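The values are calculated or read from the model by the stated rules, or taken from the named source; none is laboratory data. It should be emphasised that the depicted structure is a prediction, and the values quoted were computed from it without experimental measurement. Neighbour counts run over all protein chains shown; Cβ positions are idealised from the backbone, glycine included. We work out accessible area using only protein heavy atoms, side chains counted, and drop any ligands, DNA or RNA first. Shrake-Rupley method; radii C 1.70, N 1.55, O 1.52, S 1.80 Å.
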Amino acid sequence: NTGAFTYDPGFTSTAACESKITYIDGDNGVLLHRGYPIEQLAEHGDFLETCYLLLYGDLPTAAQKKDFDHRVTHHTMVHEQMNKFFSGFRRDAHPMAVMVGTVGALSAFYHDSTDITDPHQRMVASLRMIAKMPTIAAMAYKYHIGQPFVYPQNDLDYSTNFLRMCFAVPCEEYKVNPVLARAMDRIFILHADHEQNASTSTVRLAGSSGANPFACIAAGIACLWGPAHGGANEAALNMLQEIGTVDKIPEYIARAKDKNDPFRLMGFGHRVYKNYDPRAKIMQKTTHEVLAELGHKDDPLLQVAMELEKIALTDPYFIEKKLYPNIDFYSGITLKAMGFPTTMFTVLFALARTVGWIAQWAEMIEDPQQRIGRPRQLYTGEPQRDYVPVSKR
Ligand code: SDX
């Protein structure tokens, strides 16, 4: 009771939304998409199959998959005017800043898929977002490093196309390593959706006002950028590089346990997982595969990461707090080995999470009970009082 105001405890409950898309059992480290375990989707399928599953609720038949792949492939180009949009940024702009701006600007280019009351326009917007994010992400990277944009190629699969747009140059033939393309695709699957995390909740809240899907995805990208969320993959690699060698690990473990030190082990802990993040196990296996393929299996960063994980998993503090590696702990090592700068890591997370955002957005929009989100507050400020003239203050 704050004197002039009393509050209804009911308003302080955390509003939960209903969804059929993703299920997480944090205590047992379980992640299901439409009922299918992430381990099986990552092992047996490709990213566009997972996109189809998240959007439409079931695994596609061969014919449905062929049609979906064709439709996504034929939406990968962006309006040529987008090229000019990039040139307004400084070359050293963080690629996530560029992504927030360019994805939000898509609403200005695609007026025929912004009417959220039209199911066809919603479907086209979803396809466009999934198809164009690799192109925009690759353009953000190329602009950042001062190289010319590379157009998508329709004869390549989704992840091969993306890696080629990032790493090909006009002056010579570029062939994407299929092992790296498969690893990229699996990394996209691992990041596709994750229930009501901060950025997905941001997309849902923005969408609940009727804002167009491109603007909602831009809001999700902005939220994902934070180091406590999607920015953790960049922060985790920076942390591993700062630690540098295995003998420095105890110093950082001590800092992570020190309540007076704001330092946290990046890539560790999770609001929901109080067990090992199932995605982190698959990520670690993918890291070993990529480093072996590239001849970097003795990468010092991997040695530091594995030793840090071993120490943390046996430390009473981390055991008591139930802190385990999350998806962001190993992903940076893999992405760096593949040739990406740390500033691109969260861009890749946003590229993959776009399907989760758009699937959750569509699920909300299609719910006839859906109303604008309006979180309530517990007022703890001053009771009502009268104005005091400045002469009397
Ligand atoms: C993602 O929500 C999602 O699903 C997100 C995500 C997705 O796919 O969308 O999974 C992606 O964001 C993964 C998380 C990436 N972030 C990081 O790795 C940053 C480092 N981790 C932390 O900042 C932290 O663990 C959070 C932000 C992830 C969770 O923060 P919470 O909810 O405060 O963690 P908690 O309540 O479980 O913390 C319990 C205790 C706290 O101490 P006490 O207040 O009880 O004394 O553990 C401490 C925390 O201070 N703690 C850590 C820690 N994480 C939590 N201490 C040291 N290092 C850490 N990493």
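Under 17 Å between alpha carbons, and skipping anything fewer than 8 positions from K274 in its own chain: which aspartates and glutamates qualify?
Partners found: D25, D27, E195, E309, D315, E320, D328.
Can you list residues from other chains, or at least 5 along the same chain, whose modelled amide H is less than 5 Å from the amide H of V30?
Residues meeting the criterion, in which the H sits 1.01 Å from N, are D25.
Once phi is turned into ³J(HN,Hα) by the Karplus curve 6.51 cos²θ - 1.76 cosθ + 1.60 with θ = phi - 60°, what whole-Hz value does each residue of segment 275-281 show in order, with x for glycine and proline?
Each residue's phi maps through the Karplus curve to give 8, 5, 4, x, 5, 5, 5 Hz.
What figure, in Å² to the nearest 10, do you get for the accessible area of T22 with a 1.4 Å probe and non-protein molecules left out?
20 Å²
What does the accessible area per residue of segment 240-378 come to in Å², with a 1.4 Å probe and no ligands, DNA or RNA counted?
47 Å²
For segment 229-290 and segment 92-145, write down the distance between their C-alpha centroids in whole Å.
31 Å
Counting only C-alpha contacts under 8 Å and six or more residues apart, can you give the relative contact order of segment 179-299 as a whole percent?
Over segment 179-299, the number comes to 23 percent.
How would T61, T117, T286 rank on accessible area, largest to smallest, probe 1.4 Å?
I get T117, T61, T286, largest accessible area first.
Please check: in the Gaussian network model of the chain (C-alpha springs, under 10 Å), which one of G381, G267, G226 has the largest mean-square fluctuation.
Looking only at G381, G267, G226, the biggest GNM fluctuation is shown by G381.
Please compute the modelled spin-label separation between H111 and V246, points set 7 Å along Cα→Cβ, answer in nm with one decimal.
6.3 nm
What size of dipole, in debye to the nearest 20, comes out for segment 200-343 about its Cα centre when the only charges are +1 on Lys and Arg C-beta atoms and -1 on Asp and Glu C-beta atoms?
In debye, rounded to 20, segment 200-343 gives about 600.
In whole Hz, what ³J(HN,Hα) sequence does segment 120-125 give by Karplus (6.51, -1.76, 1.60; θ = phi - 60°), x for Gly and Pro?
After applying 6.51 cos²θ - 1.76 cosθ + 1.60, I find 5, 5, 5, 5, 5, 4 Hz.
Any idea what the alpha-carbon Rg over 2.2 N^0.38 Å comes to for segment 147-305?
The reported ratio for this selection is 1.25.
How much length is gained on full extension from D367 to D67, taking 0.36 nm per residue of separation minus their Cα-Cα distance?
105.3 nm
Given H placed on each backbone N at 1.01 Å, which residues far from F268 in sequence or on other chains put an amide H within less than 5 Å of it?
Here the answer is N326, since their amide H atoms fall under 5 Å of that of F268.
What do you get for Rg/Rh of the chain when both radii come from the Cα atoms and Rh is the Kirkwood radius?
Result for the chain is an Rg/Rh of 1.00.
If you roll a 1.4 Å probe over segment 19-81 with all protein chains in place, what percent of the accessible area is carbon or sulfur?
C and S fraction of accessible area: 52 percent.
Rounded to the nearest 0.05, what FRET efficiency do E382 and K20 give with R0 = 30 Å and r taken as the Cβ-Cβ distance? Could you check?
Efficiency, rounded to the nearest 0.05: 0.10.
At a threshold of 8 angstrom on Cα-Cα distance, excluding pairs fewer than six apart, so keeping six or more, what relative contact order does segment 1-150 reach in percent?
Value for segment 1-150: 17 percent.
Starting at the first residue of segment 290-304, write each ³J(HN,Hα) from the Karplus equation 6.51 cos²θ - 1.76 cosθ + 1.60 with θ = phi - 60°, in whole Hz, x for Gly and Pro.
Coupling constants for segment 290-304: 5, 5, 5, 4, 8, x, 10, 5, 9, 3, x, 5, 5, 4, 5 Hz.
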